[in-house]
Amino acid sequence: VQLVESGGGLVQYGGSLTLSCEVSSGVSLDYYAIGWFRQVPGKEREGVSSITNADGGTGDATDYTDSVKGRFTISRDHAKNTVYLRMGNLKPEDTAVYLCAAVPHRLGRQKWYDPAEYDFWGQGTQVTVSS
């Protein structure tokens, strides 16, 4: 499974960016949980958001870390095999390398933010928010 992130860049305080995580063809998003993480030098990798199938298999189940709730939105396009992270009202503390990760099963709300739960990782895309 290959994951390729894109969409990072430099943005001013309060601005917006949309990150994309393209998942290799032949991999169905229906069978994977996809997470977005961010990494700052000297700090632990932080779970930002995740998306997977909802209980019962209909619709999406999404989760967010508290610091981005109301500002970030995760979504997925099955036809494009891509997961998006729309980031709004960006703050300098959002500056990080953002990585997407995948695991071939659903993750519960107690596990989605744990990097050790994921099997596959992209290379990351840099997001820098200027004050």
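Stretching the chain fully between Tyr31 and Gln123 yields a gain of 31.0 nm (0.36 nm per residue, less the alpha carbon separation).
Expressed as a whole percent, the accessible area of the chain that falls on carbon and sulfur atoms is 46 (1.4 Å probe). Only lysines eight or more places from Lys43 in sequence, or on another chain, were considered; those with a Cα closer than 29 Å are Lys69, Lys91, Lys111.
The stretch between Ser131 and Val1, if pulled fully straight at 0.36 nm per residue, gains 43.1 nm over its current Cα-Cα span. Solvent-accessible area per residue in the chain equals 52 Å², computed with a 1.4 angstrom probe and all protein chains kept.
In the chain, how does Rg compare with the Kirkwood Rh, expressed as the Rg/Rh ratio over alpha carbon atoms?
On the way: Rg = 13.7 Å, Rh = 14.6 Å.
Taking Rh as the inverse mean 1/r over Cα pairs, Rg/Rh reads 0.94.
The values are calculated or read from the model by the stated rules, or taken from the named source; none is laboratory data. Quick caveat, the model's predicted, so the values are computed rather than measured. Keep in mind that these areas ignore ligands, DNA and RNA; they rest on the heavy atoms of the full protein, side chains included. Shrake-Rupley method; radii C 1.70, N 1.55, O 1.52, S 1.80 Å.
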